Structure formats: structure tokens, C-alpha cells
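This report concerns only the one structure given below.
The values are calculated or read from the model by the stated rules, or taken from the named source; none is laboratory data. As the structure is a prediction and not an experimental result, all values here were calculated from the model. Cβ atoms come from the backbone with ideal geometry, glycine included; neighbour counts cover every protein chain shown.
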Amino acid sequence: MPQTDHDRAIALAGVMQAIELVRNIARRGQANADDTETCLNSLLQIDAASSAAIYGGIARLRTGLRLLEQQLEQPRDMELTRYAVGLLGLERKLARRPELLATLRAGIEDAIRNLPHFPVGHDNTIARFADLYLNSLSTLTPRIMVNGDPVHLNNPDNANRIRALLLAGIRAAILWRQSGGGRLTLLLRRNPLLRETRRLLASLE
């Protein structure tokens with residue numbers, strides 16, 4: 001995977017889009033269907049040709065890019081920051097656990113084989129992704145603690161959607177690492193990343 005600010009901005013936008021969806025489900029029990037489909041589809045792109053291809057094109061990351069621009073400009077949303085830092089940290093631990101990575105890959109390949117019967121947005125596929133998250137990422141510490149309305153958090157379908165989208169956030173975090181992102185990258189390359197994010201958004205106008 002190329003290691004450019006273009007790829008890093010796409011990866012961070014993927015993280016932002018996934019965690020915003022998680023937050024919306026946790027707070028209100030609903031989330032944008034198109035953005036959700038984009039994030040869930042990214043889980044199926046094991047060997048994509050480019051960073052943009054993982055998400056089906058830049059346009060499908062508009063929400064994530066807007067959030068990323070806001071966070072790079074003036075990071076006021078501490079909750080989004082906390083989720084993003086948590087996911088990037090979990091991915092670093094996952095990268096050192098080849099057996100968990102193998103479990104994830106096998107589970108994703110299984111989901112791909114079942115797509116003719118259960119499309120990516122089907123409850124069965126989302127439940128499969130949620131189980132994958134539980135059996136891999138939930139075994140690592142510290143776990144991602146999702147805040148929200150207990151009425152929505154305790155709904156089993158919402159819980160599955162949240163875990164599936166956290167898994168999509170991990171997918172984006174893997175892309176971040178593959179494109180050269182690390183702990184200091186956000187500090188050292190904040191302005192170049194902001195410029196690239198704005199360029200990508202401008203290309204969608």
C-alpha cells in the first residue's frame with residue numbers, strides 16, 4: 001500500500017466515519033444507511049487495488065472527510081478523539097497477534113462466501129462481523145467503551161451494528177498503519193494531512 005498523505009487521509013476518514021456511526025447508534029439508535037454500507041463493505045476488501053477502492057471511491061467517505069477536517073483544524077470533539085485513539089491503539093496490539101489476525105481473515109472470507117445468501121447489510125452478516133469483533137478485538141485491552149443511551153445500547157441489533165462498525169474502524173486503522181501512519185504522524189504531519197483532506201473534499205464539490 002502506498003505511504004502518502006493521500007492514503008493516510010483516506011484511512012483516517014474511514015476511522016472517523018465508522019466511529020461517528022457508532023456514536024449515532026449509541027445515542028439515537030440510528031445511523032446513515034449509505035455511510036454504514038460503505039464502512040461494512042470496507043471489511044470485505046481484503047486485497048483492494050487502492051485506499052479509495054476499499055471504500056468504493058472518495059465520494060463515499062464524504063462524512064468521514066468532513067469530520068477529519070474539523071478534527072485536524074480544531075479538535076473540539078473529545079469523544080470522537082477518544083474513540084479514534086482507542087481504535088488506533090487496539091489495532092497496534094492486534095498487529096502483534098498473528099493468531100487473532102488469522103481469525104479475523106478467516107471470518108471475513110467466510111462472510112464473503114456467504115454474500116450470495118446474506119448481503120453485507122443483512123442482520124446475519126452484521127452479526128457475523130459483531131462476533132468476529134467479540135472473539136478478537138474484545139480480548140485485547142483496553143477495550144473500547146461506547147457511551148450512549150442504555151435503551152439503544154442494550155438493543156441486541158444495535159449492539160451488533162456497533163461492534164461491526166468498530167471492526168470497520170479497525171479496518172481503517174490497519175490501512176492507517178499500512179500507509180505509514182503511526183503515533184507521531186498526526187503531530188508531525190497534521191498540516192499536510194489537513195491540506196490533503198481539504199483537497200479531497202474540494203474534489204467532491
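Before moving on, here are some points about what is shown:
- In segment 39-69, the residues that are part of a helix (DSSP H, G or I) and either without any contact (Cβ under 8 Å) to a residue 24 or more places away in the chain or small (Gly, Ala, Ser) (or both): SER42, SER51, ALA52, ALA53, ALA59, GLY64
- Segment 122-139, residues that are within 17 Å of the chain's Cα centre (by Cα) and either at pLDDT below 95 or of a type in the set (A, V, I, L, M, F, W, C) (or both): ILE126, ALA127, PHE129, ALA130, LEU132, LEU134, SER136, LEU137, SER138
- Any hit, segment 91-104, residues being under 17 Å from the mean Cα position of the chain (by Cα), closer than 19 Å to VAL146 by Cβ and of a type in the set (Asp, Glu): yes
Results for (1) closer than 21 Å to GLY181 by Cα; (2) not in a helix (DSSP H, G or I), shown as yes or no for each residue.
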residue: GLN71; (1), (2): yes, no
residue: PRO75; (1), (2): yes, yes
residue: LEU80; (1), (2): yes, no
residue: ALA84; (1), (2): yes, no
residue: LEU90; (1), (2): yes, no
residue: LYS93; (1), (2): yes, no
residue: GLU99; (1), (2): no, no
residue: ALA102; (1), (2): no, no
residue: ILE108; (1), (2): no, no
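- Leading residue by the ranking (surrounded by the most Cβ atoms within 10 Å (Cβ to Cβ)) among those in segment 1-38 that are hydroxyl-bearing (Ser, Thr, Tyr) and in a helix (DSSP H, G or I): THR38
- When ASP5, ASP34 are checked against the criterion of being among the acidic types (Asp, Glu), farther than 17 Å from LEU175 by Cα and touching a residue at least 12 places away in the same chain (Cβ under 8 Å), ASP34 stands alone in meeting it.
- Residue list for segment 132-149, restricted to those being part of a helix (DSSP H, G or I), hydroxyl-bearing (Ser, Thr, Tyr) and under 17 Å from LEU40 (Cβ atoms): TYR133
- The number of residues in segment 110-131 that are within 16 Å of ILE46 (Cβ to Cβ), among the hydrophobic types (A, V, I, L, M, F, W, C) and in a helix (DSSP H, G or I) comes to 3.
- Inspection of segment 134-142 finds no residue satisfying the criterion of being in contact (Cβ under 8 Å) with a residue 12 or more places away in the chain, under 25 Å from ALA59 (Cβ atoms) and surrounded by 14 or more Cβ atoms within 10 Å (Cβ to Cβ).
- Any hit, segment 118-131, residues being polar (S, T, N, Q), surrounded by fewer than 15 Cβ atoms within 10 Å (Cβ to Cβ), over 16 Å from GLY181 (Cβ atoms) and free of Cβ contacts under 8 Å to residues at least 12 places away in the same chain: yes
- Among (1) modelled with pLDDT of 95 or more; (2) buried (at least 22 other Cβ atoms within 10 Å of the Cβ); (3) aliphatic (A, V, I, L, M) - the single one VAL151 does not satisfy: (2)
- The number of residues in segment 163-182 that are closer than 19 Å to GLU69 by Cα and surrounded by fewer than 19 Cβ atoms within 10 Å (Cβ to Cβ) comes to 1.
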